[in-house]
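Shown next, in structure tokens, is the structure this report addresses.
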Amino acid sequence: MATINMNVRSDRMTRLLPSLAAAAVLLAGCSAERLNIPNFNEASTDQPVDRPLLQNLASGILAEQRGGMPGLVSNVGIFGRESYLYTSSEPRNTTLFLGTFPLDNSGFTNGQWDPRFRNARNAIELVRTANAAAFLSDGEKSAVQGFANTMRALDLFYVIATRDSLGIPTAIDNVTNQPQPFVSRDSAYRFISGILDSAATQLSAAGSAAFPFTLPPGFAGFNTPQTFRQFNRGLAARVHVYRGSLDCGSACFTAALTALGESFLNASAGADLRRGVYHTFSTAAGDALNTLSIPVTPDQLAHPSIRTDAQLQANGTRDQRFVTKIRTIATRNAPGGITVGIPTDVGFTLYSEQTTPLPILRNEELILLRAEANIGLNQFAAALQDLNYIRTTAGLLPPIPSLANRDAAIDALLYEKRYSLLWEGHRWFDVRRWGRLLTLPLDIPTHFRARVMPVPQAECLARSTLATNLRGPGCP
């Protein structure tokens, strides 16, 4: 099998060895289907189709997706040198993510796989169920289709963003439950863009119909098909920008600007940068807490470079985003000591309560995505306007006078995205897409910079005896 460049090691620059990340999973998505293991977390579709069933299916999709988000933010935060997880009883949160080279894909750090594919199947099941429901109007069916396909695309986005050059399977076989072939990164992103565009059409076709289920509080303002479509278009813009920075170029950056024009982007004076769509948590029985929060997981700590790299306001105070999101703490050492990691005395104020919402997409990101698309099109004046809007509004920093060239524009963009979207699950993806992975700090000489999360071992094993085109890339 061809070796794939998955990591960057400190003492040898780029090497061709496997990498990994994220939370442990029980079985890879397609392999679980192949073995016909029932998923007891899914709603039973043997019960009569009615509105409560549709509510259960929709709520299940949102709960499954929410369940994976704290792990995603934590894992890619470590890879992107935003955070540490210094749990004294579990040194692998340091050693496996930063210092064990090559990494093992057999568990603990190979997540963001099975639940995402399971949820994509859940979305397909929701559409099938709604289409068969005689009590739904055509508009309501279109609304369900648009919702389900948007969430399906978002789950697949998280899988390809974490696997990148490895590619992923995109098709789901609902007939024989057989594993499907991996497709390239470009094909995966094009597939996701297509699903989002189809979902946007379906949401438009819903007309004045309402969703036949209730969305949670984090979707307030985006809980009708037409307002949810604005969320869909924002996600589409994110995917187009990713594609533009990787393979697609100008066509995708242009498509991103079009999508942003149909989103909820607002860069007017006094606009709410926090407005958006969130995963919400509660202490109610049967609900979930935000495991990124300080009360739930106090061992989630910030990387010291966040302080040293923060630019200064005119009065000498650090970037206001740093001031509001970071706090000084008693120095914490890595489990295992300085041989595996460095001490830190910075922590987050983000997710300060166990029910603090976790952003999926918000206005501040949309404005920065527009700046990014304009940089990709070499429209630096337009990009500078958005960068300075965020910079002066959110960071209280002096404006940038000009962008000298493309490299300077990308550097400025990545700084603003780093502090505006701090610990929301973006930085590792952003620096990798723009060829800036080597700018991530190496705390000690034995650390490395991960390039991708691996295909989990269970998926590799389930595919190992299949036809060559069905085997997993990067598998031993």
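The values are calculated or read from the model by the stated rules, or taken from the named source; none is laboratory data. For clarity, every value in this text was computed on a predicted model and none was experimentally measured. Positions of Cβ are generated from backbone atoms using ideal geometry, with glycine treated the same way; all protein chains shown enter the neighbour counts. These accessible areas exclude ligands, DNA and RNA; they are computed on the full protein's heavy atoms, side chains included. Shrake-Rupley method; radii C 1.70, N 1.55, O 1.52, S 1.80 Å.
Restricting the search to region 248-293, which residues are open to solvent by less than 50 Å² (accessible area, probe 1.4 Å) and closer than 30 Å to Pro343 by Cβ? Listed by number, the residues that qualify are Asn290, Leu292, Ser293.
Of everything listed in (1) at pLDDT below 95; (2) open to solvent by 40 Å² or more (accessible area, probe 1.4 Å); (3) basic (Lys, Arg), the single unmet condition for Arg463 is (2). For region 154-204, a tally of residues being polar (S, T, N, Q), in a helix (DSSP H, G or I) and either in contact with an Asp or Glu (Cβ under 7 Å, 6 or more places away or on another chain) or open to solvent by less than 10 Å² (accessible area, probe 1.4 Å) (or both) returns 2. Screening region 389-421 for residues that are out of contact with any Leu (no Cβ under 7 Å at 6 or more places or on another chain) and closer than 13 Å to Phe322 by Cα and picking the one that is most open to solvent (accessible area, probe 1.4 Å) gives Leu396.
With respect to the conditions (1) surrounded by fewer than 23 Cβ atoms within 10 Å (Cβ to Cβ); (2) in contact (Cβ under 8 Å) with a residue 24 or more places away in the chain; (3) out of contact with any His (no Cβ under 8 Å at 6 or more places or on another chain), Pro441 lacks only one, and its number is (3). Looking only at region 417-441, residues that are hydrophobic (A, V, I, L, M, F, W, C), outside any helix (DSSP H, G or I) and touching a Lys or Arg at 6+ places or on another chain (Cβ under 7 Å) come to 2 in all. Restricting attention to region 74-102, the residues being hydrophobic (A, V, I, L, M, F, W, C) and open to solvent by 20 Å² or more (accessible area, probe 1.4 Å) number 3. For region 103-116, a residue qualifies if it is open to solvent by less than 10 Å² (accessible area, probe 1.4 Å) and at pLDDT below 85, and the qualifying residues are Thr109, Asn110, Gly111.
Listed by position, the helices (runs of 4 or more DSSP H) enclosed by region 207-316 that each have at least 3 residues that are charged (D, E, K, R) and in contact (Cβ under 8 Å) with a residue 24 or more places away in the chain are 225-243.
If the condition is being within 16 Å of Cys248 (Cα to Cα) and within 16 Å of the chain's Cα centre (by Cα), then region 168-186 contributes only Arg185. In region 107-126, the residues that are touching a residue at least 24 places away in the same chain (Cβ under 8 Å) and part of a loop (DSSP other than H, G, I, E, B) reach residues that are hydroxyl-bearing (Ser, Thr, Tyr) and surrounded by fewer than 24 Cβ atoms within 10 Å (Cβ to Cβ) with C-beta atoms within less than 8 angstrom, at least six apart or across chains, in these pairs: Gln112/Tyr158. Residue check: is Asp430 under 22 Å from Thr308 (Cα atoms), over 22 Å from the mean Cα position of the chain (by Cα), acidic (Asp, Glu) and surrounded by fewer than 23 Cβ atoms within 10 Å (Cβ to Cβ)? The answer is no for Asp430.
At least 3 residues being among the β-branched types (Val, Ile, Thr) and at pLDDT 95 or above is the threshold, and among the strands (runs of 3 or more DSSP E) wholly inside region 326-393 those reaching it are 326-332. All conditions in (1) in a helix (DSSP H, G or I); (2) farther than 27 Å from Thr258 by Cβ hold for Ala134, with the sole exception of (1).
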